[in-house]
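Novice: Structure in structure tokens, see below.
The values are calculated or read from the model by the stated rules, or taken from the named source; none is laboratory data. Keep in mind that this is a model prediction, so the values were computed, not measured. Backbone-built Cβ (ideal geometry, glycine too); neighbour counts: all protein chains shown. Just the protein is used for accessible areas: all its heavy atoms, side chains included, with ligands, DNA and RNA removed. Shrake-Rupley method; radii C 1.70, N 1.55, O 1.52, S 1.80 Å.
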Amino acid sequence: MRQSTERYTLADLQRWEQLCEDSDPPIRAGVFGDPVAHSLSPQMQNAALRACGISMQYARFHIRPGELRSALRLVRKLDFVGVNLTLPHKRAGLAQVDEADEFAARAGAVNTICLRSGKLIGSNTDGEGFERAIRSEFAVPLRDLRIMILGAGGGTGRAIAWQCALENCQRLVLVNRTVEKAQMLAQELRLFCNGKARPGGATWLEVIEWEELAMEAQLGKIDLIVNATPLGMNPSDVLPVPAGLLASQHAVFDCIYQPRKTALLSAAEQAGARVANGLSMLLQQGALSFSIWFQREAPIDAMSKALPFRQ
Ligand code: NAP
């Protein structure tokens with residue numbers, strides 16, 4: 001097998017046939033992001049392709065925010081099987097697909113695009129991937145949890161919030177730097193849940209400002225804290241939750257998996273909380289994407305072995 005290079009760009013897609021004529025097997029899937037160098041999706045998806053004997057490769061594409069439309073137009077012409085979208089393309093991706101499934105339309109975000117008869121079909125596997133990850137990491141279903149989501153206005157945070165609401169979680173507290181985005185999401189969730197009995201009664205869903213006092217007032221009534229912001233990817237980032245607010249009653253899930261232990265997870269561990277990084281979510285959402293592209297069950301053991309879970 002002749003391996004794909006570390007990462008491609010829009011300019012590479014524009015001269016793809018010439019650039020990749022020697023790629024063996026051909027690259028016909030990939031992940032679009034900015035940044036994308038940290039993504040572990042290629043090693044996981046390539047392991048799945050090998051395990052299933054599918055003769056193609058999955059590569060990393062550094063696509064900047066203004067380039068998504070052109071990049072998708074090119075993969076459509078180049079007959080790709082599909083792509084994943086990651087930070088910051090999930091929200092913008094919804095406007096670029098020809099059709100979106102029900103969950104992606106609700107979440108307002110797409111993380112998986114499948115090409116069918118020349119059409120771009122958008123899905124979102126982050127919600128279900130998150131639900132499976134929480135079950136495997138903390139052995140508890142979402143319906144039993146009071147959950148705070150930091151970054152609830154982003155593509156991932158919105159998908160997670162919808163999944164929590166659909167699973168009838170006990171309470172949901174939405175936090176976002178731009179509070180209006182969380183308020184808009186809360187309005188959509190309330191409309192959807194209108195009239196349905198909720199475990200937490202009238203206060204099952206709350207939106208709070210991105211500030212310490214507001215978080216402190218809520219965290220005594222929260223079981224699971226989810227970081228769905230990119231805060232923690234860089235060593236200079238501030239903590240999304242002040243360390244002094246973390247306690248042993250909390251489970252803390254950081255969607256970030258690179259670095260494996262973010263400053264948030266270290267602080268939470270020191271406070272006696274249970275912690276998990278985003279590797280299990282990466283695995284589960286990736287397995288669901290694979291099933292969408294190839295209409296078969298994903299070889300989850302091979303995918304898991306390709307990830308650095310135990311390093
Ligand atoms: P996105 O759509 O761009 O959303 C980013 C979110 O983070 C927004 O809510 C944004 O708030 C917030 N944010 C960004 N910078 C911030 C800052 N300096 N302070 C406070 N809030 C900030 O990104 P995304 O695709 O949802 O990805 C979010 C994170 O989840 C990334 O780290 C990504 O790698 C990770 N992720 C992991 C997995 C997995 O499988 N493990 C899957 C998906 C995503 P505003 O609305 O105010 O801008």
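Novice: Give me the accessible area of LYS261, 1.4 Å probe, in Å² rounded to the nearest 10.
Specialist: Roughly 110 Å² of LYS261 is accessible to a 1.4 Å probe.
Novice: At 1.4 Å probe size, with the rest of the protein present, what percent of the exposed accessible area of the chain is carbon and sulfur atoms? Mind dumping the intermediate values first?
Specialist: On the way: 6400 of 13640 Å².
About 47 percent, which is the carbon plus sulfur part of the accessible surface.
Novice: Tell me, what HN-Hα J-couplings in whole Hz come from the Karplus equation 6.51 cos²θ - 1.76 cosθ + 1.60 at θ = phi - 60° for each residue of the stretch 17-33, using x for Gly and Pro?
Specialist: Couplings: 4, 5, 5, 10, 4, 9, 5, 9, x, x, 7, 9, 7, x, 10, 9, x Hz.
Novice: Quickly estimate the mean residue ellipticity at 222 nm for the chain, helices only: each DSSP H run with n ≥ 4 gives -39500 (n - 2.57), and the total goes over all residues, rounded to 500.
Specialist: Mean residue ellipticity, 222 nm, calculated: -11000 deg cm²/dmol.
Novice: Still on this structure: What residues qualify as long-range amide H neighbours of LEU120, i.e. H under 5 Å apart, gap of 5 or more or another chain, H built at 1.01 Å from N?
Specialist: ASP98, GLU99
Novice: Full-extension gain between ALA214 and PHE192, please, as 0.36 nm times their residue separation minus the C-alpha to C-alpha distance.
Specialist: Contour length minus the Cα-Cα distance gives 5.3 nm.
Novice: Cα-based Rg (one decimal) and Dmax (whole number) for the chain, in Å?
Specialist: 19.4, 61
Novice: Per residue of the stretch 137-147, what does 6.51 cos²θ - 1.76 cosθ + 1.60 with θ = phi - 60° give for ³J(HN,Hα)? Whole Hz please, x for Gly and Pro, Karplus curve as stated.
Specialist: 7, 10, 6, 8, x, 4, 5, 8, 10, 9, 10
Novice: Name the long-range amide H neighbours of VAL275: under 5 Å, sequence gap of 5 or more, or other chain; modelled H, no Pro or chain starts.
Specialist: VAL252
Novice: Using the Cα centre of the stretch 127-277 as origin and beta-carbon charges of +1 (Lys, Arg) and -1 (Asp, Glu), tell me which of LEU213, ALA243, ALA159 is placed farthest towards the positive end of the dipole.
Specialist: Positive-most Cα among the choices belongs to ALA159.
Novice: Skipping prolines and chain starts, which residues have an amide H placed within reach, meaning under 5 Å, of the one on LEU172, given they are 5 or more residues away or on another chain?
Specialist: Residues meeting the criterion, in which the H sits 1.01 Å from N, are ILE147, LEU205, GLU206.
Novice: May I ask you to evaluate 6.51 cos²θ - 1.76 cosθ + 1.60, the Karplus curve with θ = phi - 60°, for each residue of the stretch 109-120 and list the ³J(HN,Hα) values in order in whole Hz, giving x for glycine and proline?
Specialist: Each residue of the stretch 109-120 in turn: 7, 10, 10, 9, 10, 10, 8, 10, 6, x, 9, 8 Hz.
Novice: OK, next. For the chain, give the share of DSSP beta bridges that are antiparallel, in percent and rounded to the nearest 5; count only bridges with both residues there.
Specialist: Counting DSSP beta bridges with both partners in the chain, the antiparallel share is about 20 percent.
Novice: Calculate the dipole size of the chain relative to its Cα centre from +1 charges on Lys and Arg beta carbons and -1 charges on Asp and Glu beta carbons; express the result in debye to the nearest 20.
Specialist: Magnitude of the dipole: close to 340 debye.
Novice: Take the chain, connect every pair of alpha-carbon atoms lying under 10 Å apart with a spring to form a Gaussian network, then pick out the residue of VAL173, VAL226, VAL140 with the largest mean-square fluctuation.
Specialist: Evaluated over the chain, the most mobile residue of the options is VAL140.
Novice: Relative to the first principal axis of the alpha-carbon coordinates of the chain, what is the inclination of helix 179-193, with its axis defined by its Cα atoms, in degrees from 0 to 90 and to the nearest 10?
Specialist: That helix lies at roughly 90 degrees to the long axis.
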